[in-house]
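**Student:** Please see the structure below; I have some questions.
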Amino acid sequence: MKKCEQLYEGKAKKVFATDDPNLVIVSYKDDATAFDGMKKGEIAGKGVVNNRMSNYLMSLLEKAGVPTHFVKELSDRETLVKKVSIVPLEVIIRNVSAGSFAKRYGVEEGIVFDSPTIEFSYKNDDLHDPLLNSYHALALKLATKEEIEKIKAMAFKINEVLKEYFAGLKVKLIDFKLEFGRTPEGEIVLADEISPDTCRFWDAETNEKLDKDRFRRDLGGVEDAYCEMMKRVFGN
Ligand code: ADP
Ligand code: UDP
């Protein structure tokens, strides 16, 4: 597989073309941003953790019957994935109140929900990713009704698989963000990444934060938190 020109540089990853038009290489950076890009920094080793963890979780999900973009891990920071057309929705599942949910609805963090919630944001940096519902997504033609139903069902299934997996590592899966894409055949697959950048992880016993909130909130021990999650997933 030949790595060709850079197609895109985002906040956390670069995307490169390959000699196969249906495949791209994603390269994970250590760059970190928060609060709509207002806060910028670097988390040493983050790219490696996110790449390896995301690939591991996508493989786990594939085994559970969830189609993903994952093809092959090429190195510590680079992965071959199916090139998809990203559905411009950030799909957020929550099991426990935290972050913008707690703020928006004026509740404390840590309330365990009876059943998980789902919400969508319009993935649009210029508009600052506004919250929208499935009717808005349909009106804006961001996805078809069938695609939205499929995405919802996949997101809840992913939550069940991941919640159980992380519980086994003594980690509570509080909330997370997913992105989906369309393959050339029109299949909806899980894309982008699943990592401490895109999930909230709390230690099951102490509720210690083991994710990007340590960076967002200047809690210190940012690198240690990413390392700890790496240890729980891969051992040593
Ligand atoms: P951002 O664009 O938000 O700054 P990243 O730095 O993570 O985010 O950049 C990666 C980009 O690649 C994102 O826009 C993401 O939607 C896109 N992407 C993720 N997976 C795929 C894929 N399989 N095919 C094409 N694009 C993808
Ligand atoms: N999230 C993300 N990218 C975003 C927004 C949110 O990965 O652009 C993740 C975030 O890490 C958390 C979940 O989605 O696990 C819910 O985030 P929330 O809406 O609480 O927003 P935040 O507190 O990050 O503003």
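**Student:** Arg77: within 16 Å of ligand 2 (Cβ to nearest atom) and either out of contact with any helix residue (DSSP H, G or I) (no Cβ under 7 Å at 6 or more places or on another chain) or at pLDDT 95 or above (or both), yes or no?
**Tutor:** Working: within 16 Å of ligand 2 (Cβ to nearest atom): no; either out of contact with any helix residue (DSSP H, G or I) (no Cβ under 7 Å at 6 or more places or on another chain) or at pLDDT 95 or above (or both): yes.
Criteria not met by Arg77.
**Student:** Moving on. Inside the stretch 166-188, can you point out the residues that are more than 13 Å from the chain's Cα centre (by Cα) and under 16 Å from Ser59 (Cα atoms)?
**Tutor:** Within the stretch 166-188, Phe166 is the sole residue that qualifies.
**Student:** Next up: Name the residues in the stretch 22-53 that are away from ligand 2 (no atom under 16 Å from the Cβ), assigned to a strand (DSSP E or B) and not hydroxyl-bearing (Ser, Thr, Tyr), would you? Outline the logic, then answer.
**Tutor:** Here is the first cut: in the stretch 22-53, the residues away from ligand 2 (no atom under 16 Å from the Cβ) are 22-25, 27, 30, 42, 44-45, 48, 52.
Still in the list and also assigned to a strand (DSSP E or B): 23-25, 27, 42.
Scanning the stretch 22-53 gives Leu23, Val24, Ile25, Glu42.
**Student:** Additional query: Among the helices (runs of 4 or more DSSP H) lying completely within the stretch 80-184, list those that include at least 1 residues that are within 15 Å of ligand 2 (Cβ to nearest atom) and under 25 Å from His69 (Cα atoms). Give the steps one after another, and end with the answer.
**Tutor:** Values: elements: 99-105, 134-139, 145-167.
The helices (runs of 4 or more DSSP H) meeting that bar are 145-167.
**Student:** Shifting gears a bit: For the subset of the stretch 119-149 comprising residues that are within 16 Å of ligand 1 (Cβ to nearest atom) and surrounded by fewer than 13 Cβ atoms within 10 Å (Cβ to Cβ), which member is nearest to Ser85 (Cα to Cα)?
**Tutor:** Residue satisfying both the conditions and the ranking: Asp125.
**Student:** Among what's in the stretch 1-21 and is without any contact (Cβ under 8 Å) to a residue 12 or more places away in the chain and part of a strand (DSSP E or B), pick the residue that is farthest from ligand 2 (Cβ to nearest atom).
**Tutor:** By that ranking, first place goes to Gln6.
**Student:** Under 9 Å between Cβ atoms, which residue pairs at least 6 apart in sequence (or on different chains) link something in the stretch 94-109 that is over 9 Å from Asp175 (Cα atoms) and without any contact (Cβ under 8 Å) to a residue 24 or more places away in the chain with a partner that is of a type in the set (Phe, Trp, Tyr) and surrounded by 15 or more Cβ atoms within 10 Å (Cβ to Cβ)?
**Tutor:** Close Cβ pairs satisfying both conditions: Val107/Phe101; Glu109/Phe101.
**Student:** Which residue, of Val96, Val112, Val87, is modelled with pLDDT of 95 or more, exposed (fewer than 13 other Cβ atoms within 10 Å of the Cβ) and of a type in the set (Val, Ile, Thr)? Talk me through it step by step, then tell me what you get.
**Tutor:** Numbers: Val96 fails: exposed (fewer than 13 other Cβ atoms within 10 Å of the Cβ); Val87 fails: exposed (fewer than 13 other Cβ atoms within 10 Å of the Cβ).
Just a single option satisfies the conditions, and that option is Val112.
**Student:** Considering every residue within the stretch 152-167, establish whether at least one is within 16 Å of ligand 1 (Cβ to nearest atom) and in contact with a His (Cβ under 9 Å, 6 or more places away or on another chain). Let's see the steps before the verdict.
**Tutor:** Within the stretch 152-167, the subset within 16 Å of ligand 1 (Cβ to nearest atom) is 154-155, 158.
Narrowing further to those that are in contact with a His (Cβ under 9 Å, 6 or more places away or on another chain): none.
Scanning the stretch 152-167 turns up no residue that is within 16 Å of ligand 1 (Cβ to nearest atom) and in contact with a His (Cβ under 9 Å, 6 or more places away or on another chain).
**Student:** Going through the stretch 205-227 one residue at a time, which ones are within 18 Å of the chain's Cα centre (by Cα), without any contact (Cβ under 8 Å) to a residue 40 or more places away in the chain and assigned to a helix (DSSP H, G or I)?
**Tutor:** Arg214, Ala225
**Student:** Also, I was wondering about something else. More than 19 Å from Met154 (Cα to Cα), out of contact with any Gly (no Cβ under 9 Å at 6 or more places or on another chain) and hydroxyl-bearing (Ser, Thr, Tyr): is that true of Thr117 in this structure?
**Tutor:** Criteria not met by Thr117.
**Student:** Tell me which residues, restricted to the stretch 1-38, are touching a Cys at 6+ places or on another chain (Cβ under 9 Å) and exposed (fewer than 15 other Cβ atoms within 10 Å of the Cβ).
**Tutor:** To start, the set of residues in the stretch 1-38 that are touching a Cys at 6+ places or on another chain (Cβ under 9 Å) comprises 16-19, 25.
Across the stretch 1-38, the qualifying residue is only Asp19.
**Student:** If you go through the stretch 52-65 one residue at a time, do you hit one that is farther than 14 Å from Ile194 by Cβ, surrounded by 16 or more Cβ atoms within 10 Å (Cβ to Cβ) and under 17 Å from the mean Cα position of the chain (by Cα)?
**Tutor:** No, because not a single residue in the stretch 52-65 is farther than 14 Å from Ile194 by Cβ, surrounded by 16 or more Cβ atoms within 10 Å (Cβ to Cβ) and under 17 Å from the mean Cα position of the chain (by Cα).
**Student:** A further question on this structure: Can you go through Ser54, Ser115, Ser59 and tell me which one is more than 14 Å from ligand 1 (Cβ to nearest atom), closer than 30 Å to Phe16 by Cα and of a type in the set (Gly, Ala, Ser)?
**Tutor:** Within the list Ser54, Ser115, Ser59, the selection yields Ser59.
**Student:** From the residues in the stretch 194-204 that are free of Cβ contacts under 8 Å to residues at least 60 places away in the same chain and near ligand 2 (Cβ under 9 Å from one of its atoms), which one is farthest from Asn55 (Cα to Cα)?
**Tutor:** Per the criteria, the residue is Phe201.
The values are calculated or read from the model by the stated rules, or taken from the named source; none is laboratory data. Only a predicted model underlies this, so the values are computations on that prediction, with no experimental measurement involved. Positions of Cβ are backbone-derived with ideal geometry, glycine not excepted, and every protein chain shown enters the neighbour counts.
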